[in-house]
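Notes to accompany the following structure.
The values are calculated or read from the model by the stated rules, or taken from the named source; none is laboratory data. Computed from a prediction, not measured in an experiment: that's the story for all the values here. Quick reminder, even Gly has a Cβ in these numbers, built from the backbone with ideal geometry, and neighbours come from all protein chains shown.
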Amino acid sequence: MSRAVDVLFERISVLSPDESGGAYALTDAYVAVRAGRIACVGLTRDHAAAAFDGAPHETYDGRDRILAPALANAHGHAAMTLMRNSADDLSLHDWLYNVIFPRETRLRAEDVRAGTRLALVEMVRSGTGAAADMYFFPDEVFEAFVEAGVRLNLCVDAKKKDAAGNPVLDAAELERFQRLARTAGRGLVVPSLLVHSVYLYPEPLYKEMADLAADLGAPVQVHVSETRREVRECQEKHGRTPPEFLRERGFFRTPTLAAHCVHLHGDDLRILAGPGITVAHNPQSNLKLGSGIADVHAMVRAGLRVALGTDGAASNNNLDLFRELRLAAFLAKGTTGEAATLGAPMALRMATVHGAAGMGFPDVGVLEAGHAADLLVLDCERASMTPLGDPMSAFVYSADASAVESVMVDGRWVMRKRELTTLDEERIRAEALSAAHHLVPALT
Ligand SMILES: [Zn+2]
C-alpha cells in the first residue's frame, strides 16, 4: 500500500455528487487533499492552499483534466476474470450450471488470488476505487484488495457441512472477518454475509442466515430477481417473489446489496425502497445473459438507491464501469422513450456515491470538504473529448476507461499518471494466465 499524500489540484474541472441528492460541476477549480481527506474545493489557489501547513507534497496540473470521485462497483465476482471469454452466448442457467460451476470445483486459493489481482488491475485502470465482491477464498480476496489499497465489501460464506453433509451456519467465520477488517483491513474492508440467491440453499437456512446477519450487524450481498425463471420458480415454490421471500425470512434488517432486480412485481419496489438497501444494476451482464432490462427509471422514482455493477468478467466480459454508466443512462432513455430520463447527474451518482454508501463507506463518493479522498482524474486531451463542453456530459457520455489517468483511494495513489503504484501488472497477468489454464484441463 502506498502512503497518503497531500496534493493540491490546480485549475481542474471538478465533478461530483453533492450532499443534497444532486451533483455539481466546477471549472478552473482548486482542490486540496490532506491526510486522506478532501480539505477544500474552491475557485482560488490561495483559498485551497491555506488548507496546508506549508506546501503540499505535490501539485497536480489540472488543465484539460476532470476530477471526480473514484467509481464504485457494487456487484462483482473479481476472480471470474479467469473465465473471461470462455463461456459466452449461453443463458444464465446453462452458463452457470454447465460451464461455471464445473470450473469452480477446480479453484484453488492461489487461483482466486491471481484472478482477483487481475481484476484489480483492470478496475483501477478504469477508475474504480471500491468494489463489492462475492466469491470463494475470502482470505485471498481480502489480502489482494488491501495490498492494492482498494476498498472492498467482502462476502463471507457462513455455511459449513455437518456430519451428514448438510449445510449448517457457523458464525465464527464471519466474526473472524469482522475482527480482521478492524485490524488488517485499515478501514478499507466491510465484511458481509454471502447469500448467493433464493434458489441455491435449503429453505430453512434462509431464516437462520437472516438472523445471523442481524445478530452480527453484518451487511448482506444477494442476487435478487435476476431472471424470469428465478422469479417464476420462487413463486411456484414459496408463493412469493424473491424480495417478498427474503423479507419474510427476516432479511433487510442490515444494509443489503441486492444485485440485478431485473424482474420486479407487486410489492417488490416498496420492499426494496427500505432503509439500507442498495440495488446493484448490472446492465451489461443482464443483456449479455439475456436476462432482461431492469426498470431503473421506476426504481429511482420509487426512491430506491440504485448503484452500478459489472458482475463477473465471465458474463460481461470486462470490469469497466464507464461502459455500465453510459449504457445504464441509454437503456433508461430507450425504454421510457424520454431523453430526459436518467440524466447525467443521476448516472454519476449511481456510479459513485450510491455504490460507495451501499458498500458501507458513507464518507466516500462526494468531493466536498471533510469527505474521504477517493477520486479519479480523467485526461481530456484527446480527440474523443474535444471540445470538452459540459464536463458532466463528457464524464457520462464521452469518457471511457482509456481516459483515466490517476486514481486515489483514502488519500493514497493507486494509479498516478497511468503508473500503477501498488500492483505489478506484468507479473499479475502472467500468474492469472497460468491460473486460468489450471481451471480448464483441456488447455493445460
Ligand atoms: Zn453476480
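What the table shows:
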{"item": "Residues of segment 46-58 satisfying the condition of being over 10 Å from Val31 (Cα atoms) and surrounded by 13 or more Cβ atoms within 10 Å (Cβ to Cβ)", "result": "Ala50, Phe52, Pro56, His57, Glu58"}
{"item": "Of residues in segment 75-90 being of a type in the set (A, V, I, L, M, F, W, C) and either farther than 21 Å from His281 by Cα or modelled with pLDDT of 90 or more (or both), the one nearest to the ligand (Cβ to nearest atom)", "result": "Met80"}
{"item": "Selected residue (criterion: nearest to Ala332 (Cα to Cα)) from residues of segment 295-313 that are assigned to a loop (DSSP other than H, G, I, E, B) and away from the ligand (no atom under 14 Å from the Cβ)", "result": "Asp295"}
{"item": "Test: residue in segment 180-196 that is touching a helix residue (DSSP H, G or I) at 6+ places or on another chain (Cβ under 7 Å), of a type in the set (Val, Ile, Thr), surrounded by 14 or more Cβ atoms within 10 Å (Cβ to Cβ) and outside any strand (DSSP E or B)", "result": "no"}
{"item": "Criterion (in contact (Cβ under 8 Å) with a residue 12 or more places away in the chain, in contact with a strand residue (DSSP E or B) (Cβ under 8 Å, 6 or more places away or on another chain) and not aromatic (Phe, Trp, Tyr)) met by exactly one of Ala298, Ala280, Ala273, Ala302", "result": "Ala280"}
{"item": "Segment 275-288, subset surrounded by fewer than 24 Cβ atoms within 10 Å (Cβ to Cβ) and in a loop (DSSP other than H, G, I, E, B), residue farthest from the ligand (Cβ to nearest atom)", "result": "Pro275"}
{"item": "Flag if Gly292 is of a type in the set (Gly, Ala, Ser), more than 16 Å from the ligand (Cβ to nearest atom) and surrounded by fewer than 19 Cβ atoms within 10 Å (Cβ to Cβ)", "result": "no"}
{"item": "Hits in segment 355-384 - residues which are under 20 Å from Arg125 (Cβ atoms) and without any contact (Cβ under 8 Å) to a residue 40 or more places away in the chain", "result": "Arg382, Ser384"}
{"item": "Unique match (being outside the structural domain of Arg229 (by TED's automatic domain parsing), away from the ligand (no atom under 16 Å from the Cβ), at pLDDT 95 or above and out of contact with any Phe, Trp or Tyr (no Cβ under 7 Å at 6 or more places or on another chain)) among Leu272, Leu367", "result": "Leu367"}
{"item": "Spans of strands (runs of 3 or more DSSP E) in segment 116-161 with at least 3 residues more than 16 Å from the ligand (Cβ to nearest atom) and not hydroxyl-bearing (Ser, Thr, Tyr)", "result": "159-161"}
{"item": "Residue count for segment 217-252, restricted to those that are touching a residue at least 12 places away in the same chain (Cβ under 8 Å), surrounded by fewer than 19 Cβ atoms within 10 Å (Cβ to Cβ), assigned to a loop (DSSP other than H, G, I, E, B) and out of contact with any Asp or Glu (no Cβ under 9 Å at 6 or more places or on another chain)", "result": "1"}
{"item": "Condition met for Thr422 (farther than 18 Å from Leu26 by Cβ, exposed (fewer than 14 other Cβ atoms within 10 Å of the Cβ) and among the β-branched types (Val, Ile, Thr))", "result": "no"}
{"item": "Residue among Ala347, Ala332 that is assigned to a helix (DSSP H, G or I), at pLDDT 95 or above and either within 16 Å of the ligand (Cβ to nearest atom) or more than 15 Å from the chain's Cα centre (by Cα) (or both)", "result": "Ala332"}
{"item": "Flag for Glu405 being among the charged types (D, E, K, R) and either under 17 Å from Leu15 (Cβ atoms) or touching a His at 6+ places or on another chain (Cβ under 7 Å) (or both)", "result": "yes"}
